[in-house]
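Everything below concerns the one structure shown next.
The values are calculated or read from the model by the stated rules, or taken from the named source; none is laboratory data. These numbers were taken from a predicted model, which means no experiment stands behind them. Methodologically, a virtual Cβ is constructed for each residue, glycine included, from the backbone with ideal geometry; neighbour enumeration extends over all protein chains shown.
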Amino acid sequence: MLDKTAPDEAQIDTLFEVLQNQTTLENVRGMLRDKGLPHSASSWHAMFERRLQPGLKNGKIEVEEIVQLISESEEHGHKHVLFFQYDLDRLHELEHLFDSAQVEKWAKSKQFPGAGDYVFEAYPDKPTVTEVRVGDGATGGAFVLKTAQTLKRKRPAERKQIDGVWFWVANEVSYRAVDVLKVHDNGLIEIRVHTRSDNISYSGAALSALNIVHGLFNTAALPELSLKSVKVFLSAPKNKDEVSENFEVYEANFKNDQGDRMQSSSLQDRGGILSSKVMPEVIDQFSDSEHDPYCERVRVSYKMGDVKKINIILTENANEIITTSNLSRDEYEEVLGALLKIHEAE
């Protein structure tokens, strides 16, 4: 367990390792900038050596501030996000989830951290509930539960000579996987499952997350929130002007009831498939059919300002998206808001 008041050198090294895996240099620079501290660093090594280590030693940066940055960052990036929608006629059944006193009582009965407390252990021995809280950023009407676990992944293989014989050796390393369950006061339920290095059932992982809160609210037979209409909208050439305001579409997979499939893709530096001179016509030809064609999967970039692009995949599962990089809360919520806006309009 991390000693936040007087961590030793090994704990600091582990803290920096988790920080690098869970967030971005841009987010760390933002934290330092907000504190009025020097923040330029072109690499993680430079950030650790020139900014964070000196700041911790002279007291201008607290360990708790780094832990809080990790806590926020680990909730949003590199996730398979599955969406469900609670019955709108029964939203009153969720009201206690947004009452801190009632959530505190429930958490205590389960021996989970108290409402608002965050337990940081870099690599827990077993899957552990690390936080239960009411509210999320500026949003008060939300219930959030986080779990962390230690998993293994293989590094790229390296060729090594052992006793005169050459082998390809792939070292196995630990990584921290954090899953998040969030219930909104409008009944939207997000289950964000950290992307695993091994093939798993993300739907099964979502059900496991719901099992943790079984009894707190009715988790049986939750309807999926389908994003099929979002995929159709994003991949339709007729929507090019509207889609291009926020997104670039790089890949779209189509299917019909005859089992025919078509994959459409285009290079990023050419503006995506809707800006292609060829693909819109091909998509229209496939879509103009009596055999119920539909968009099965789409890969897009959300344009975050004038420079940054955030890659998102809407998968074959009707209620699932994938975030492929580390994201801040603001970045994640802006992208999600744009997708849900399309869903509501369609």
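Here are some notes:
- Restricting Asn211, Asn218 to residues that are surrounded by fewer than 18 Cβ atoms within 10 Å (Cβ to Cβ), within 30 Å of Gly187 (Cβ to Cβ) and touching a helix residue (DSSP H, G or I) at 6+ places or on another chain (Cβ under 9 Å) narrows the list to Asn218.
- Among residues of the range 294-322 that are on the phi > 0 side of the Ramachandran plot, none has a beta-carbon under 8 Å from a residue that is in a strand (DSSP E or B) at least six positions away or on a different chain.
- For beta carbons closer than 6 Å, sequence separation of 6+ or different chains, a first residue in the range 248-268 that is more than 19 Å from Lys228 (Cβ to Cβ) and assigned by TED's automatic domain parsing to the domain that holds Ile312 and a second that is modelled with pLDDT of 85 or more and of a type in the set (S, T, N, Q), the qualifying pairs are Glu248/Ser301; Ser266/Ser276.
- In the range 291-307, the residue that is nearest to Asn256 (Cα to Cα) out of those that are at pLDDT 90 or above and out of contact with any helix residue (DSSP H, G or I) (no Cβ under 9 Å at 6 or more places or on another chain) is Arg299.
- When the residues of the range 11-55 are filtered to those that are free of Cβ contacts under 8 Å to residues at least 24 places away in the same chain and of a type in the set (Lys, Arg), the one that is farthest from Ser325 (Cα to Cα) is Arg50.
- Residue check for Glu158: more than 19 Å from His76 (Cα to Cα) and of a type in the set (D, E, K, R): yes
- The range 183-261 holds helices (runs of 4 or more DSSP H) entirely within its bounds, and those carrying 1 or more residues that are among the basic types (Lys, Arg) and either within 22 Å of Pro280 (Cβ to Cβ) or at pLDDT 95 or above (or both) map to 228-235, 240-243.
- The residues listed here are Asp163, Asp185, Asp241; of these, the one that is surrounded by fewer than 18 Cβ atoms within 10 Å (Cβ to Cβ), farther than 30 Å from Thr14 by Cα and in contact (Cβ under 8 Å) with a residue 40 or more places away in the chain is Asp185.
- Any hit, the range 166-180, residues being among the hydrophobic types (A, V, I, L, M, F, W, C), exposed (fewer than 14 other Cβ atoms within 10 Å of the Cβ) and in contact with a Pro (Cβ under 9 Å, 6 or more places away or on another chain): yes
- Among the residues of the range 193-230, those identified as of a type in the set (A, V, I, L, M, F, W, C), without any contact (Cβ under 8 Å) to a residue 12 or more places away in the chain and closer than 19 Å to Leu145 by Cβ are Leu207, Ala220.
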